[in-house]
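The values are calculated or read from the model by the stated rules, or taken from the named source; none is laboratory data. Values in this document were obtained by computation on a predicted structure and should not be read as measured data. Neighbour counts run over all protein chains shown; Cβ positions are idealised from the backbone, glycine included.
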């Protein structure tokens, strides 16, 4: 997944911006609570998760940027929002779910109960460890089974940290942030070295809310407006997909 080859998106802020190493960098006055100080030592688990965000490369490190922009900085990468593609084939929910489920090690519905953000070990970006209470397992992890009403950690690109006493925020519009107290349906990849998870791909994250409502957490075009989907539709579709066998991978065919 060549994430930084995606079209850049200047986010919805009327603030000064400069381009540094392919990322849009914003300098702006900010008064917000932050989730975690990055003047810290990462735990072994956090260090392992940090390795999965090395593709976010830029010329200047975040500590150098906050020293140059004392009011705070925001780095962003992403894609154009919404819109339709008249050349795209008709959307097939079953095909969409199967393709993404076969890439994923697990698919769960859960609620974020806690989270902490950290600067990556190379100091180029920020990631957030989301502690999730699992409500339903739609596809179980064959390497390490997930039980209902247990917690898992899901590492995700982006977050808000304080560096040298100043705010730094990183965001990828293809991996919009999760929020504490909200429920999500997530397609996940297992990180065996930590026992945690990360997003399986940029299109497999959905916010579940209200009257069976579904909201995609990517700026990428999925081929269908998610307001036409429901949580029930996704759950039933996943039950059907999981009952089918995924195509053999290259490794399995050897």
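What to note about this one:
- Output for the stretch 58-75, where each listed residue is more than 11 Å from residue 123 (Cβ to Cβ) and touching a helix residue (DSSP H, G or I) at 6+ places or on another chain (Cβ under 9 Å): 72, 73, 75
- In a residue-by-residue description of the stretch 75-87, the property of being crowded, with 20+ Cβ neighbours inside 10 Å, modelled with pLDDT of 95 or more, closer than 30 Å to residue 231 by Cβ and touching a strand residue (DSSP E or B) at 6+ places or on another chain (Cβ under 6 Å) applies to no position.
- Among the candidates 155, 147, residue that is within 17 Å of residue 104 (Cβ to Cβ), at pLDDT 95 or above and either out of contact with any helix residue (DSSP H, G or I) (no Cβ under 9 Å at 6 or more places or on another chain) or part of a strand (DSSP E or B) (or both): 155
- Residue list for the stretch 203-215, filter: closer than 13 Å to residue 185 by Cα and in a loop (DSSP other than H, G, I, E, B): 203, 204, 212
- With respect to the conditions (1) under 30 Å from residue 67 (Cβ atoms); (2) at pLDDT 95 or above, residue 140 lacks only one, and its number is (1).
- Total residues in the stretch 140-168 satisfying the condition of being surrounded by 21 or more Cβ atoms within 10 Å (Cβ to Cβ) and either over 30 Å from residue 240 (Cβ atoms) or touching a residue at least 60 places away in the same chain (Cβ under 8 Å) (or both): the figure is 9.
- Residue in the stretch 178-194 that is under 15 Å from the mean Cα position of the chain (by Cα), buried (at least 19 other Cβ atoms within 10 Å of the Cβ) and either under 28 Å from residue 73 (Cα atoms) or at pLDDT below 90 (or both) present: yes
- Test for residue 128: is it more than 28 Å from residue 223 (Cβ to Cβ), under 13 Å from the mean Cα position of the chain (by Cα) and part of a strand (DSSP E or B): no
- Of all the criteria given as (1) farther than 17 Å from residue 178 by Cβ; (2) in contact (Cβ under 8 Å) with a residue 40 or more places away in the chain; (3) assigned to a loop (DSSP other than H, G, I, E, B), the one not satisfied by residue 218 is (1).
- Of all residues in the stretch 207-239 being over 15 Å from residue 91 (Cβ atoms) and in contact with a helix residue (DSSP H, G or I) (Cβ under 7 Å, 6 or more places away or on another chain), the one that is modelled with the highest pLDDT: 208
- Test: residue in the stretch 95-104 that is assigned to a strand (DSSP E or B), surrounded by 12 or more Cβ atoms within 10 Å (Cβ to Cβ) and at pLDDT 85 or above: no
- Number of the exception - residue 232 against (1) part of a loop (DSSP other than H, G, I, E, B); (2) without any contact (Cβ under 8 Å) to a residue 24 or more places away in the chain; (3) out of contact with any strand residue (DSSP E or B) (no Cβ under 9 Å at 6 or more places or on another chain): (1)
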